[in-house]
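Report on one structure; see the data block that follows.
Read-outs: derived from the displayed coordinates by stated rules, not from any lab. Quantities reported herein were computed from a predicted structural model and do not represent experimental measurements. Here the Cβ positions follow ideal geometry from the backbone for every residue, glycine too, while neighbour counts run over all protein chains shown.
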Amino acid sequence: MISPGFSPGFSPENGPVGSPIADPIQAGLARGWKVIDGATLAAGRTLEADVVIIGSGAGGGVTAETLAKCGLSVIIIEEGALKSSRDFKMREADAYPTLYQESAARKTKDKAINILQGRTVGGSTTVNWTSSFRTPTPTLDYWQKHFGLSSYTAEVLAPWFLMMEQRLSVSTWLTPPNENNDLLKRGAAKLGIPAAAIMRNVKGCWNLGYCGMGCPTNAKQSMLVTTIPAALDLGATLLTHARAERLVIKGDKVDSLVCTALDASGVAPTGHTVTVRAKHFVVAGGAINSPALLMRSHAPDPHGLLGTRTFLHPTVISAGIFKQRVDGFAGAPQTIYSDHFLDTQAIDGPIGYKLEAPPLHPLLLSTTLAGYGRAHADTMAQFPHVHALLALLRDGFNDASRGGAVSLSGTGSALLDYPITQFVWDGVKRAHLAMAEIQFAAGAKTVQPVHEMAAAYTSWDAAKKGINALHYKEHITRVVSAHVMGGCTMSDDTRLGVVGANGRYHGLANLSVHDGSLFPTSIGANPQLSIYGITARLAAALAQELTGKPAARLVA
Amino acid sequence: MKVGALAALTLAGGGALYRALHPAGQLQRFVLGGEARAALDAMVPAMLAGALPALPALRAAAISATTERVHQAIRGLPLNAQKEVQDLFALLALAPARRVLTGVSGGWPNANAEQVASFLQRWRFHRLAMLQTAYHALHDLIIGSWYADPSSWSAIGYPGPLKELA
């Protein structure tokens with residue numbers, strides 16, 4: 001497809017001459033991949049394919065390769081840009097505005113929770129920290145019991161997880177953890193709290209620690225270097241800088257998709273639209289964006305469920321200062337975890353949480369830390385000695401934890417209202433206490449939970465007293481999220497969900513949803529592998545239905 | 001508490017005035033006007049006290065470079081978020097609103113560091129969510145713009161990314 005819109009997206013002078021890293025995107029473009037950069041379109045366009053997939057992240061990528069492999073013509077729509085290893089310079093100042101939704105500053109309606117979500121080819125998989133967990137069995141049990149998802153068992157899903165683990169090189173990380181993670185391991189061990197190694201989707205990882213800014217060595221097996229290139233090699237078309245505005249619905253079918261072309265900065269519309277016609281439409285824009293697109297499209301929603309039950313794994317942080325260097329910016333992030341505070345209590349009881357150790361880079365750490373001026377500068381001056389733990393709260397398993405609801409702003413953009421309930425605050429306090437105790441057990445000089453009123457406590461006793469006295473409230477407590485799930489709940493019961501167990505949208509014959517927005521609750525673990533495995537199964541069933549033949553398996 | 005009620009009124013009044021001067025239309029890119037730039041220049045040294053260089057010439061250059069990076073960071077946000085920041089700075093550029101909301105009486109170029117630090121502290125814990133979220137926005141924009149820049153890294157012992165690939 002050579003057209004005025006065709007653009008390789010790279011200039012030869014862009015990349016380092018003789019870089020030691022081969023760039024698979026550059027090579028693919030040279031082989032003739034059909035990539036249209038919406039920013040370069042000088043006029044409106046109409047495209048046509050068997051299937052259009054909206055979003056190129058975990059769900060969209062897996063679906064694109066599966067369908068292309070089964071001989072279907074596929075168009076992938078992405079709001080962000082096509083970037084690759086030659087663009088990934090490990091600079092926060094460049095990475096956050098170019099690779100994340102809303103410059104990594106997306107927020108809930110009351111601005112109390114900051115949300116990290118990818119916006120680039122590969123979606124969040126291009127910028128995530130590689131943590132790979134199968135969907136925990138207690139989560140699946142809950143879905144079976146409360147949402148009638150009887151086929152969502154660990155046994156049924158196991159072959160799909162295995163296939164995706166092999167496809168994406170998910171394996172045990174044998175390199176010793178960096179000090180930031182090892183402190184979690186040592187502190188937990190002192191207290192008799194079990195901790196274990198995290199599986200990672202990497203191949204030939206250099207152990208640099210910059211996964212969140214795009215992998216500069218292509219070691220991370222994100223959608224950007226796996227399924228999307230595979231689909232493009234099979235003739236799929238990728239349209240970038242194109243925001244899916246609305247699905248045009250006629251009767252019980254989707255007729256077409258209307259996209260707004262965005263300028264090269266990804267901020268403003270260029271004024272051109274791209275219309276895409278297809279036999280089948282797959283929405284995979286991620287939680288928040290997928291339900292918002294369906295709302296803008298007036299998709300059927302007789303029970304008012306669309307956008308509701310959106311979950312975040314509300315995440316809170318504790319910063320410790322150690323005598324020795326921790327260098328949390330160096331080495332693979334998140335290689336040790338503890339599920340102790342998930343496994344030792346009922347899933348539908350008080351909210352539980354997973355503990356991990358995030359990477360620490362100057363921009364992300366400095367903006368996350370509370371306060372300003374001298375006190376803030378004093379903490380930053382000890383940057384190499386800072387250790388951080390985070391707690392991901394498992395939301396959605398209790399009547400007091402119904403998550404948030406997506407709505408549309410006056411301009412049609414998505415807005416998530418996520419009120420933090422007392423049920424969640426109770427878990428936040430317990431998580432702050434548990435993290436402080438582990439950090440002191442590991443030898444911390446001081447520990448300060450990220451809360452505007454918290455002090456840098458000098459002992460576990462002082463921390464216990466201090467944290468128990470803190471007032472837990474939005475804005476003074478730092479709450480973040482990197483895992484957005486739900487909003488297009490999956491259930492065959494139309495009173496419980498807008499999408500069936502097979503991923504097909506209730507009431508529209510040719511529309512599927514294949515992303516984390518399907519999940520009826522949060523996952524209780526980093527969600528990427530849940531999305532890969534579950535959408536691989538859905539995509540195979542869809543391919544079989546569209547072609548009449550069994551779907552081809554994905555292989556590395 | 002009186003200040004809180006007055007602030008709410010001023011916000012409402014200032015918002016109405018601003019909307020009268022700027023009728024709703026298509027969302028525009030953020031523009032950092034002279035008074036807004038002076039406001040940021042006044043807030044940067046308070047937010048970054050203890051981090052900025054001490055030498056006056058270096059300090060002045062660091063402040064204006066940080067303000068400019070904040071400007072660019074705002075211009076990378078979605079247009080509706082740019083509009084929210086534009087509205088905040090438009091309000092802060094109005095002398096009555098500035099006096100009530102920040103206590104800075106003699107104009108931004110003459111604001112002293114103590115005045116600025118004290119209004120930031122009030123906003124940080126303010127019962128009006130709008131001022132509290134404004135504090136957090138300014139916190140993240142200013143502090144983020146400072147530590148994103150390689151010039152700040154040696155002071156905190158951050159070696160930066162691997163040179164061979166950077």
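A few points about this structure:
- Cα gyration tensor, segment B:29-148 - rounded (a/c under 1.5), prolate or oblate: rounded
- Shown for B:122, A:374, A:537: other C-beta atoms within 10 Å of each C-beta, ranked fewest to most, produce the order A:374, B:122, A:537.
- Computed [θ] at 222 nm, helices only, for chain A once each DSSP H run of length n ≥ 4 contributes -39500 (n - 2.57): -8000 deg cm²/dmol
- Taking 0.36 nm per residue of separation and subtracting the current Cα-Cα distance, fully stretching the chain between residue A:174 and residue A:150 would add 5.0 nm.
- Of the trypsin sites (Lys or Arg not before Pro) found in segment A:446-506, the ones in coil according to DSSP and having at most 12 other Cβ atoms within 10 Å of their Cβ are A:495.
- If R0 is taken as 41 Å, the Cβ-Cβ distance between residue A:22 and residue A:458 corresponds to a FRET efficiency of 0.20.
- Sum of side-chain charges, residue A:230 neighbourhood, beta-carbon under 11 Å (Lys, Arg +1; Asp, Glu -1): 0
- The order of A:297, B:64, going from fewest to most other C-beta atoms within 10 Å of their C-beta, is B:64, A:297.
- Residue-averaged beta-carbon neighbours from other chains (10 angstrom radius) around B:45-57: 3
- Relative contact order of chain A, pairs being alpha-carbon contacts under 8 Å that are 6 or more residues apart, as %: 23 percent
- Phi to ³J(HN,Hα) by Karplus 6.51 cos²θ - 1.76 cosθ + 1.60 over segment A:105-119, Hz, x for Gly, Pro: 10, 4, 9, 6, 3, 8, 6, 8, 10, 8, 10, 9, 9, x, 9
- In the structure shown, the pairs A:111/A:464; A:203/B:163; A:83/A:253; A:89/A:220; A:83/A:250; A:69/A:354 are assessed against 26 Å; a Cα-Cα span above that value is assigned to A:111/A:464; A:83/A:253; A:83/A:250; A:69/A:354.
- Simple spin-label estimate for residue A:473 and residue B:151 in nanometres, 7 Å along Cα-Cβ: 3.8 nm
- Rounded to the nearest 20 debye, the dipole magnitude of segment A:383-433 is 140 debye, with +1 charges on Lys and Arg beta carbons, -1 on Asp and Glu beta carbons, and the Cα centre as origin.
- Here residue A:109 is the anchor, and the lysines within straight C-alpha reach of less than 24 Å, apart from those fewer than 8 places off in the same chain, are A:429, A:473, B:83.
- Using θ = phi - 60° in the Karplus curve 6.51 cos²θ - 1.76 cosθ + 1.60, the 3J(HN,Hα) couplings for segment A:355-360 round to 9, 9, 10, x, x, 10 Hz; x is entered for Gly and Pro.
- Built amide H within the under 5 Å cut-off of residue A:510, gap 5+: A:254
- For chain A, the longest principal axis of the alpha carbon atoms and the long axis of helix A:137-147 meet at an angle near 60°.
- Residues A:394, A:106 arranged by fewest to most Cβ contacts within 10 Å: A:106, A:394
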